[in-house]
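Any read-out appearing in this document is the output of simple, stated calculations on the displayed coordinates, not a laboratory observation. Model, not experiment: these values are computed from the prediction. Cβ atoms come from the backbone with ideal geometry, glycine included; neighbour counts cover every protein chain shown.
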Amino acid sequence: MRVVFLDHVARLSGAEIGMLRLIAAADEVDAVVVLAEDGPLVAPLREAGAQVDVLPLAEGARGLSKGKVRPGASLAGAAVHMPGYVRAVARRLRELDPDLVHTMSLKAGIYGTFAARLARLPVVWHLHDRLAADYLPRPAVGLLRVLARTLPSALVAPSSSTLATVGRPFRPGVRRAVIPLPVPIPARPCEVRDRVQRVGIVGRLTPWKGQHVFLEAFARAFPDPTIHAAVIGAATFGEQAYERALRAQARALGIEDRVEFTGFVADIPGELQRLDLLVHASVLPEPLGLAVIEGMAAGVPVLAADAGGPAEYIEDGREGLLYPPGDVEALAGALGRATRDRDLRVSMSASGRRKAHAFAPEAVVGRMLALYRDVATRHRT
């Protein structure tokens, strides 16, 4: 089966890492990836066996952030480029002649679904963003919901809570499925050490990911100068000001010498091996929470905000500890509880690792291939 994947970025972010893992594990798929820019994602995709084409999209459209999707000059400038780009993508799709198209980002979901329809091809829109006013500008939410419910052949979301933000009714015939991104399971779990020495948070540096909540809670929970924090991830999409604010916050809290800002890290499994606790601190509901699942798969005890994806697969006190999103005091209390109770850490490590097997490539890829076959068959008949 030939599948063309569309994405507007070529950076190693959550959805793109998931696409890379999916392609690497899906031996039955002849994968072609059409990207709107060149970048560090190209080489690993080719190593995974995919054909990669770069069909450049003007920066004014490709670089438009979610926060700027509202009436104005920036949106108008982006819109100017889209009709021509949709036609160019449709032409390339006709040349590639796939069984179906799979869009991997919100922008690709929009232009890619129109292009696939123009090329008379079935299309799977993989929605990694919550279509809600707390996540996207309100003027865009209604339109995106209508597009997601009517244009694709199938709509896939990584969690039930994300799919629920699309609302109803759907056009008759649109398949809906909750299929997470694949997460490899390390052969050996991380060691649960007798004493907590290093606590970390993994993810892109951006305010909604809550690294500022993590730093505040860490400072309250750990006056002990021997316990250190790791902020693992880099600022992208023009959010370097937030990284500077985090470093200033660490200085103000008096923990600057105990906080390591690692920047972008390719070897996340290696970083997880160094952690005794993994914190998820998103202040908005997470569509999936890939870093949380990676921590569970590695056997690192996890503390997560009780909303979105993590709330669906973590039972409080079993696979991890849950706390209200953005509640610094509650997170500090959970950190203290996990630090004092090694037996609890051991139990969460084992339970989390068991639950993570539901996200393993061999479990996820089969579900995605079944959806592909169904969508392609329906289109042919």
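How charged is the neighbourhood of ARG198? Take every other residue with its Cβ under 11 Å from the Cβ of ARG198, and add Lys/Arg as +1 and Asp/Glu as -1. Net local charge, ARG198 excluded: +1. Distance between the pseudo-spin-label points of THR377 and GLN240 (7 Å out from Cα toward the beta carbon): 5.2 nm.
This model, with +1 at the C-beta of Lys and Arg and -1 at the C-beta of Asp and Glu, gives the chain a dipole about its Cα centre of some 1280 debye. Contact order, relative form, for the stretch 264-381: 23 percent (alpha carbon pairs under 8 Å, 6 or more residues apart, mean separation divided by residue count). What does the charge count near GLU271 come to, summing +1 for each Lys or Arg and -1 for each Asp or Glu among other residues with Cβ under 13 Å from its Cβ? It works out to a net charge of -2.
When Rg and Dmax are taken over the Cα atoms of the chain, they come to 21.0, 66 Å. Each of ILE201, GLY173, ILE268 was scored by the projection of its Cα onto the charge dipole of the stretch 172-288, and the greatest displacement toward the positive side belongs to GLY173; charges sit on the C-beta of Lys, Arg, Asp and Glu. Rounded to the nearest 20 debye, the dipole size of the stretch 254-381 about its Cα centre is 680 debye, using +1 on the Cβ of Lys and Arg and -1 on the Cβ of Asp and Glu.
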